[in-house]
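Have a look at the structure below before the remarks.
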Protein chains: 6
Amino acid sequence: MPYVNIKITREGATTEQKAALIKGATQLLVDVLGKNPATTVVVIDEVDTDNWGIGGETVTLRRKNGK
Amino acid sequence: MPYVNIKITREGATTEQKAALIKGATQLLVDVLGKNPATTVVVIDEVDTDNWGIGGETVTLRRKNGK
Amino acid sequence: MPYVNIKITREGATTEQKAALIKGATQLLVDVLGKNPATTVVVIDEVDTDNWGIGGETVTLRRKNGK
Amino acid sequence: MPYVNIKITREGATTEQKAALIKGATQLLVDVLGKNPATTVVVIDEVDTDNWGIGGETVTLRRKNGK
Amino acid sequence: MPYVNIKITREGATTEQKAALIKGATQLLVDVLGKNPATTVVVIDEVDTDNWGIGGETVTLRRKNGK
Amino acid sequence: MPYVNIKITREGATTEQKAALIKGATQLLVDVLGKNPATTVVVIDEVDTDNWGIGGETVTLRRKNGK
């Protein structure tokens, strides 16, 4: 019954990579807490780099500056 | 003053259906808890089927397999 | 498969009222979008009035001022 | 280490305005709680006006009615 | 820089289990997307069984009925 | 109409500090985007240090190790 939300920047994650995140997060809840995978929900949000900030600046700017 | 967030897969919900979700969720808070509808906020997130998983697999794959 | 999150201030909602919110939100998704109730998840967060603000002030303060 | 999520309607916020929200929210956590800006994350979600409701109706409808 | 939120029912997860969820979710983002673990944030919310619903009923009630 | 969610570790933020976060976040939306403060909602979540991870470990452990 757990719910997992994964937020990442939108920088080209493939369908296969997103499927791997969903599979892995579900398995983690099974392994650690014995949760039922059938009712475990995983939602991935991909966020534009203009809309994600860390250290007070956008990821767009950080990428430009080689961070 | 309540805040309601409804996450659904992006599979063609119409403007009318989304308006009905907003109206219904707001009314629910009024009916059950006597909340003020004027400050009740409802936000609907539509999530790509590649980004939503249940049972460890994406909804895209489940739809293909007729689930 | 929808996921609904309802945030309300912690001001004495009863177990019965919370059960009614869960039942009503699930039914809303069934009625409007034909979703499967068996995999519809509803999570209620009750938030202290010190931690909820509207109009730039806490709900605690608003309650004191009769708002 | 704080995490801030800002949800606004998608109504033309510019890259500069979003950068200002990120900078301002980060600074707020530094000023009020002495948090480390380097690990403060801010995520902005822009939501279609069809998907945002207040007072039981969508923002799209409210804009049409001059609210 | 990813942000992961794991919501589970409050049913006795230990400090060790929660540390394992944090470690595992962080490693998943490293393995699948090559993300930097140093800025990967994981937040676990434990939700009372009265406040979590699935299938239109609370988990409290489901537990009583042996589900 | 914006909605702001601030998540911080539960480490003794005072009522006054939380009121300052609410006031500051609301003002930020007014200053940057001209939003109406009367319908701007701010919700603060305080999260136990056992339930917050960064760099793959809990904040509890990081505090013990002087980080």
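Here are a few things to note about the model shown:
- Any hit, the stretch D:39-46, residues being modelled with pLDDT under 95 and out of contact with any Phe, Trp or Tyr (no Cβ under 6 Å at 6 or more places or on another chain): yes
- The stretch E:1-34, residues that are among the hydrophobic types (A, V, I, L, M, F, W, C) and under 15 Å from F:Asn51 (Cβ atoms): E:Val4, E:Ile6, E:Ile8, E:Ala13, E:Ala19, E:Ala20, E:Leu21, E:Ile22, E:Ala25
- Scope the stretch A:1-40; condition under 14 Å from B:Glu57 (Cβ atoms) and charged (D, E, K, R); matching residues: A:Glu16, A:Lys18, A:Lys23
A quick yes/no check of all residues on (1) within 25 Å of C:Ile8 (Cα to Cα); (2) among the charged types (D, E, K, R):
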residue	(1), (2)
E:Thr14	no, no
E:Ile22	no, no
E:Ala25	no, no
E:Asp31	no, yes
E:Thr39	no, no
E:Asn51	yes, no
E:Arg63	yes, yes
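- Taking the stretch D:2-58 as the range and being charged (D, E, K, R) and either touching a Pro at 6+ places or on another chain (Cβ under 7 Å) or more than 18 Å from F:Val43 (Cβ to Cβ) (or both) as the test, the residues that pass are D:Lys7, D:Arg10, D:Glu11, D:Glu16, D:Lys18, D:Lys23, D:Asp31, D:Lys35, D:Glu46, D:Asp48, D:Asp50, D:Glu57.
- Counting only residues that are open to solvent by 10 Å² or more (accessible area, probe 1.4 Å) and either within 11 Å of chain C (Cβ to nearest Cβ) or among the basic types (Lys, Arg) (or both), the stretch F:6-52 holds 22 of them.
- F:Trp52 passes every criterion in (1) in contact (Cβ under 8 Å) with a residue 40 or more places away in the chain; (2) within 28 Å of B:Thr39 (Cα to Cα) apart from (2).
- In this structure, F:Pro2 does satisfy being at pLDDT 95 or above and crowded, with 20+ Cβ neighbours inside 10 Å.
The values are calculated or read from the model by the stated rules, or taken from the named source; none is laboratory data. Just so it is clear, the model here is predicted, and its values are computed rather than measured. Quick reminder, even Gly has a Cβ in these numbers, built from the backbone with ideal geometry, and neighbours come from all protein chains shown. Just so you know, the surface numbers come from the protein's heavy atoms only, side chains and all, with ligands and any DNA or RNA stripped out. Shrake-Rupley method; radii C 1.70, N 1.55, O 1.52, S 1.80 Å.
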